[in-house]
Amino acid sequence: MRLIEAKYLSLIRISFKRVNEFKFDFLMRYLEIPMYLIIVYFLWKLIFRFSGKTELGGMEFSRFFVYMVLARFIFISFPFTETSEEIEEIIKSGQLTAIITRPVTFQKYVFFKLNFNTLVDGLLSIGLFLLMSFVMGWYILDDLVYWLLFGASFVLAICLNYFFYFSIGLLSFWADEIFGITQAVRSIRMFFSGELIPLTMFPSTLLTVASLLPFKYMLFNPVYLYLKKYPVPEALHQLGLQLIWTVFFMIFSKILYQKGLAWYNSYGG
Amino acid sequence: MPEKIMEINPEKSTLTDRGAENTSTANLHGSDRRVEGISRSVRQVTEKSPWDRTGKLAYALKHLRLFYRFAVISWKRSTEYKFNFFLNNIQQIVTLFIYIYFWRIILNHIPQLQEWDFPTLTILTGFVFFNQSLMVVFWAMWTINRRIIKGDLDVFLVRPVSVLFAIIGQNLLIYRLFEASLGLAMIGVVLIRYHISVTLFKMVLALLIVFLGTYLIMMVTIFLQSLSFWLGRTNAFTELLQAGFLINRYPITIFPKLVIAFFTVFLPVIFIATYPTLVLVEFTVIRGLEVLGGELLIAGLWTYLVYQIWRRGIRRYENVGG
């Protein structure tokens, strides 16, 4: 059996054609990075200087900076609230009726049509990040075991993000609008995923709360693994938790979809 | 009934005037005094103000009335789904809490960030929120590029209203003004809690700077969105702009001079939160007025640029089919 069926390959081709059609736009996405780098560099440099410490959140400035940059690179390429919004559009507009009559699985259809390029984007982002690290002399991970752990965590994080936002999108079966939900999740995720500030800078109680939520595994874990901050047994433990959350949201989204489909009705063509 | 004519069609004022002159001539030949009175009133009406002559005032009033209607519709639409409305407001409180807590975490590690301590950073966050809310109220400006590509402007072009106004006004999110009040409330709480005394004039000045700052960012956004007339999809510019907004959350004066200059002229986010906070708690009134003057100059420049690009772009716009 082929890894990806031909019908999904066509969707991937379409998604690539869409990227190709607007090449300029695709390339320009990475232009925000220098702006981000400037902000992060000067802000945290100042915070480090004022703190009088060599380490914050268990990282010295050079690693801390790499953390912030890599988190941004990964963040740009991961599935985000757009996935939920697209699903909402499909359900609300009645396009779902056409999709369910086709010989495709809805989860796969949405992923290959709308989100497959995030995987390519992600790989491209990592490539670009490594190139920048090499040119600028930043820290580069030099351990094969950790590269494997990072790779696994990276792919799991993409899947977790996808299934998470997919599940939120499916709430459109019941909710009249999900804009409020996506925006609320966006804020909470920004804080608890370590995008705004590394979770290791949190007070201990808040860090415990963050560990109990899925957001940590959406961004913080792959970045922290890249920085080799977890010992191997802890890294495996964290990967296990990440896998559990991914499987949880995969199953949860399937259940939601089945329940939602029973609820769904559409009139007209 | 010359006044009536003016009311209906202000552009025809010259013709009406000429007609009045003829009537006056008739009067010279011995017609009754009433005609002379009418001719005088015609002259008075036609010489009232340039606004009336060109009909710009009527045009502006029409847009104001429309804006009010759009706002009412927007409010009704957003409160239609009660649960979503409730969640939106909760989300705003959560986000505000997160932003403030972010500073709390940072200040657990350092006493203060240059001259910025916790109260001033919270005031800054309040202004960020205030501006953010206004930007979301007019969120449709972020969709201009998509509408250009899809050819959705046709429907607006056939209406007797400004195209930009129609795009933005029709999709107002007026309920997000709650967030603005939340930001202002936060500023008020900090001023009281930390006994920071400010004059009413400074408050007004700070608010003026924020409003103008929001207008400036809108101008930059519309400028970048309008590039779609030439470049097609320009989402990247939007993302670039949003990346620039990231700096808005931090006090921009802590950055090097070159960065400050960039975020003052090219992407003027410094007027959104940093300057209003400084004007409120640190600057003298004179310094505040200087900031406002500078902002007005930059706003004028960006308005001119937007006017030019939009005018040229709309001429270039084409769409086949409905």
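Counting pairs of alpha carbon atoms under 8 Å apart in space and at least six apart in sequence, what relative contact order in percent does chain A give?
26
Taking 0.36 nm per residue of sequence separation and subtracting the Cα-Cα distance, how much length would be gained by fully extending the chain between residue B:266 and residue B:57, in nm to one decimal?
72.0 nm
With a point put 7 Å past each Cα toward its Cβ, work out how far residue B:200 is from residue A:62 in nm, to one decimal.
5.9
At what distance in nm do the modelled label points of residue A:14 and residue B:289 sit from each other, each positioned 7 Å from its Cα along Cα→Cβ?
6.3
What is the ratio of the Cα radius of gyration of the protein assembly as shown to 2.2 N^0.38 Å, with N the residue count, to two decimals?
1.15
Provide the FRET efficiency to the nearest 0.05 for the residue B:165-residue A:102 pair, computing r from the beta carbons and using R0 = 45 Å.
Once the sixth-power term is evaluated, E becomes 0.60.
Taking the Cα centroid of the stretch A:195-243 and of the stretch A:163-183, what is the distance between the two, rounded to the nearest whole Å?
26
List the pairs from A:216/B:76; B:202/B:257; A:216/A:259; A:45/A:216; B:56/B:82; A:53/A:228 whose alpha-carbon separation is above 31 Å, in the order I gave them.
Exceeds cut-off: A:216/B:76; B:56/B:82.
Could you give the distance between the Cα centres of the stretch B:190-210 and the stretch B:93-137, to the whole Å?
Centre-to-centre distance over Cα atoms comes out at 16 Å.
Between residue B:174 and residue A:243, how many nm apart are label points set 7 Å from Cα along the C-beta direction?
Once both label points are built, they end up 5.5 nm from each other.
What does the extension gain come out to for residue B:143 and residue B:76, with contour length at 0.36 nm per residue minus their alpha carbon separation?
Using 0.36 nm per residue and subtracting the Cα-Cα distance, I get 21.9 nm.
Sequence gap at least 6, Cα distance under 8 Å: using those rules, report the relative contact order of the stretch B:62-316 to the nearest whole percent.
Dividing the mean separation by the residue count of the stretch B:62-316 yields 25 percent.
For residue A:165, what charge total do you get from the other residues with a beta carbon under 13 Å from its beta carbon, if Lys and Arg give +1 and Asp and Glu give -1?
With Lys, Arg at +1 and Asp, Glu at -1, the net is -2.
For residue B:181 and residue B:318, what does the FRET efficiency come to when R0 = 35 Å and r is the distance between their Cβ atoms, rounded to the nearest 0.05?
The pair residue B:181/residue B:318 has a calculated efficiency of 0.20.
Just order A:174-181, B:112-119, A:223-230, A:186-193 by mean Cβ neighbour count inside 10 Å, highest at the front, would you?
In decreasing order of mean packing, A:174-181, B:112-119, A:223-230, A:186-193 become A:223-230, A:186-193, A:174-181, B:112-119.
Less than 13 Å Cβ to Cβ from residue A:140, Lys/Arg counted +1 and Asp/Glu -1: what total charge do the surrounding residues give?
Summing Lys and Arg as +1 and Asp and Glu as -1 gives 0.
Assign one of three labels to the stretch A:106-209, namely rounded, prolate or oblate, based on the Cα gyration tensor with a ≥ b ≥ c the square roots of its eigenvalues; rounded applies when a/c is under 1.5, prolate when it is not and a/b is larger than b/c, and oblate otherwise.
Oblate is the answer for the stretch A:106-209, as a/c is 1.5 or above yet b/c matches or exceeds a/b.
For a protection proxy built on the mean count of beta-carbon atoms within 10 angstrom, sort A:33-46, B:285-298 highest first, please.
Going by the mean number of other Cβ atoms within 10 Å, highest first, we get A:33-46, B:285-298.
If we count every other residue with Cβ under 15 angstrom of residue A:201's Cβ, Lys/Arg +1 and Asp/Glu -1, where does the sum land?
In short, +2.
So for the stretch A:122-269, averaging the separation of alpha carbon pairs under 8 Å that are six or more residues apart and normalising by length, what relative contact order in percent results?
Answer for the stretch A:122-269 is 37 percent.
Please work out the FRET efficiency for the pair residue B:115 and residue B:207, using the Cβ-Cβ distance as r and a Förster radius of 22 Å; give the result to the nearest 0.05.
Plugging the Cβ-Cβ distance into 1/(1 + (r/R0)^6) gives 0.50.
Between the stretch B:144-169 and the stretch B:226-268, what is the separation of their alpha carbon centroids in Å?
Between the Cα centres of the stretch B:144-169 and the stretch B:226-268 lies a distance of 25 Å.
Each reported figure results from applying straightforward, stated rules to the coordinates on display, with no laboratory input. Small disclaimer: the values here were computed from a predicted structure and weren't measured. Here the Cβ is made from the backbone with ideal geometry for all residues, glycine too, and neighbour counts use every protein chain on show.
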